[in-house]
Amino acid sequence: MHEELRKFGKKLVESGLVSSHFGNISIRVGRKMLISRSGAMLDELDETNVVEVDLEKPSSLDIIASSEANVHRAIYKNTSALAIIHTHSPFAVVMSLICDARGERRIIPVDTEGSYFLHEIPLVHGGAGTEELAKNLAAALKEHKAAIAVGHGAFCIGKILEEAFVVASMVEHSCKVRYFYDAFPIPDDTTDNLYSCGICKRSLPR
């Protein structure tokens, strides 16, 4: 289990989905969870900076666990997730701010893979590590594989860490494509062709 956390922590940093001491990662083990320690660098995880905490209620070990242990706990208690990855990936953060400023509650991917696998990415509010964020993410992730805390980063779930990592990578890719798609408007007739092919959602701003 520690080896899987180490493996995907390193992949997150190498992929640019997190940097320095930011982001966190966890897996559920029965009624416990293993989560990266507060301030841990995800590409240097080992037994000393992974903490086992209770899934049912806060404990004294929460003090040294990630500051968002309560958020992971709420997600595990309210969804079928067995692994959670939280990234600070730049395009996800940027698109969350842009869409939120427009009054949009979700990001609609325009790339084929994102549209097929993610469908939509809910945007949620709440300060880092707050009960508000925990509640909002737990609700959003009941029906979605990922959600983005506005201005903060993506929370991605899976049955295993590899699945959560794939989702995290897909979220960042879809947000990057959407960012450039929005930045360079295309003629209406071209957009109509994309709609007719099913690539673009009808709810996407034109």
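Please treat every number below as a calculation from the coordinates, not as lab data. Note that this is a predicted model, so its numbers are computed, not measured. Neighbour counts are summed over all protein chains in view; Cβ atoms, including those assigned to glycine, are modelled from backbone coordinates with ideal geometry.
At a glance:
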quantity	calculated
For the chain, calculated [θ]222 nm from helices alone, where every DSSP H run of n ≥ 4 adds -39500 (n - 2.57)	-12500 deg cm²/dmol
Residues R105, R6, sorted so that the one with the fewest Cβ neighbours within 10 Å comes first	R105, R6
Per-pair calculated FRET efficiency, R0 = 35 Å: A128 and E47 via Cβ, rounded to 0.05	0.85
Where Cα atoms sit under 19 Å apart: lysine pairs in the chain separated by 8 or more or lying on different chains	18
Residue order, fewest to most beta carbons within 10 Å, for M1, M33, M95	M1, M33, M95
Sparse-neighbourhood loop sites, GluC sites (Glu not before Pro) in segment 1-103 - DSSP loop, at most 12 other Cβ within 10 angstrom	E56
Linear extension gain, E113 paired with S20, 0.36 nm per residue minus alpha-carbon span	30.6 nm
With Cα atoms, 0 to 90° folded angle of helix 90-101 axis to the chain main axis	60 degrees
Cα long-axis angle, helix 131-140 against the chain (0 to 90 degrees, to the nearest 10)	50 degrees
Cβ-based exposure ranking for T79, T87, T112, in which fewest neighbours within 10 Å come first	T112, T79, T87
Pairwise label distance in nanometres, V29 with F184, each label 7 Å out on the Cα-Cβ vector	4.8 nm
Taking the convex hull of Cα positions in segment 2-196, its mean projected area over all directions (nm²)	10.7 nm²
Distant alpha-carbon pairs in segment 63-124 (separation over 15 angstrom), percent	65 percent
Cα pair distances of segment 23-99 binned at 10 Å [whole percent]	19, 48, 26, 7
